[in-house]
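In what follows, a single structure is set out as structure tokens and then discussed.
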Amino acid sequence: GRDALDGKSPLSVGDALLQAPGVTPVGNGPMQVRPRLRGLDSTRVLVLVDGERLNNARTATDRAGIEVGLIDLNSVASLEVASGAGSVLYGTDALSGTINILTQQPRFSDGLRFTYGFDGYLSSNENGRRGSVSLGATGRRFALHLMTGLESYDDYRAGAAGGREDTTPYYTSGRIRNADTIDDNFGFNFNAFPDPFNAPYARTSAVIPMSSASGSSLNASGLVALTGTQTLQVKYIRRRMDKVGFPDFEQPVFFSRTTLPFSDLDRVSASYEARAFAPWFTNLKVTGYFQDQRRLLRTEFPVQFPVPSPAFFPISVFRLNLVSDSEQHVQTPGLDVQATFVPARGHLLTAGL
């Protein structure tokens, strides 16, 4: 619930989910934390937003699961974690369980009321800043709610001793050798390849490189009473995340550098609900949504190779910095119909599509 979230002050939706039993993290950072449930990979966890699927076939299995960071934490009313296979109802991506992210919903009031609020978050660990402003108006037959926010996080720090690595002692003792580089072939040492290819590395900082992110969010919703028993709700979610890094994909740990220059989400939904059609037809709810997700995956890595030179010594070495961009654009529609019937006293029948 919202009170528990406020008490824990998590950094993101991904960090908040770690408070639930049986949930462990995959990755880290404000955007890259993904939930792993019951020990299975995060690609086997279905994530819903207000009961509507956030996963899609294109991105659910890429980079270890769907990005729960696409939902702004300030807009979350509660988080539901249902352990256990839900594949019969939802498909194979619900093999380990289902997570439902419930966002804040507008509610009717007994008179005209205006609401406003501000929420702020500061963290010294990664110099993190997050803030949101909300405005709303409610009445007997309508309710409106608008929330917008900004956030920015630098690289994480792993603690006083965390993140420190030094392979120098292993090279000194001979336990690690560069036996596969051109410098060591044929017993010669040409010193053709610069560090870190031919030297041990030492990372003495606790900073986890490439764990930063920044972004913005917008959540707007409206609720209208068409009649005394019929309502219509419309909701729009907009999320923009920029300069998202994959932690530790940075020298000297890896020679490649992987980033998400942007990861964007637009999601619109409409829900119609009617009650008490007849004594035997008690409830009908029809929900349709459309999700547009676009992101750019960028990988940069150097390639070094020897080339012929006028003389055998020295050997010339060329270095190419290769950049690979993969843009994903996935549009996902959805429809959900639920009805409740009372065919006879003491009997209840539900049907869904």
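The values are calculated or read from the model by the stated rules, or taken from the named source; none is laboratory data. Since we're looking at a predicted model, the values are computed, not measured. Neighbour counts are summed over all protein chains in view; Cβ atoms, including those assigned to glycine, are modelled from backbone coordinates with ideal geometry. Note: areas computed on protein heavy atoms with side chains; ligands, DNA, RNA excluded. Shrake-Rupley method; radii C 1.70, N 1.55, O 1.52, S 1.80 Å.
Here are the numbers for the structure shown:
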| read-out | value |
| --- | --- |
| Solvent exposure, largest accessible area first (probe 1.4 Å, DNA, RNA and ligands not counted), of 170, 289 | 170, 289 |
| Unit Cα scatterers, Debye sum, the stretch 81-150: log10 I(q)/I(0) for q = 0.18, 0.25, 0.27 Å⁻¹ | -0.80, -0.98, -1.09 |
| Karplus (6.51, -1.76, 1.60) ³J(HN,Hα), θ = phi - 60°, over the stretch 17-29, in Hz, Gly and Pro reported as x | 5, 5, 6, 7, x, x, 9, 10, x, 10, x, 8, x |
| Proximal lysines relative to residue 8, as straight alpha-carbon distance under 24 Å, when same-chain residues fewer than 8 apart are discounted | none |
| Residue 238 accessible area, assembled protein chains, probe 1.4 Å, Å² | 90 Å² |
| Theoretical FRET efficiency, 1/(1+(r/R0)^6), r = Cβ-Cβ of residue 140 and residue 116, R0 22 Å, to 0.05 | 0.60 |
| The stretch 216-250-the stretch 89-161 distance, computed between alpha-carbon centres (Å) | 9 Å |
| Extension gain (nm, one decimal) between residue 327 and residue 77, 0.36 nm per residue minus Cα-Cα | 86.8 nm |
| Highest average packing first - 128-137, 320-329, Cβ atoms within 10 Å | 128-137, 320-329 |
| Length gained when the stretch residue 150-residue 273 is fully extended (0.36 nm per residue, less Cα-Cα span) | 41.0 nm |
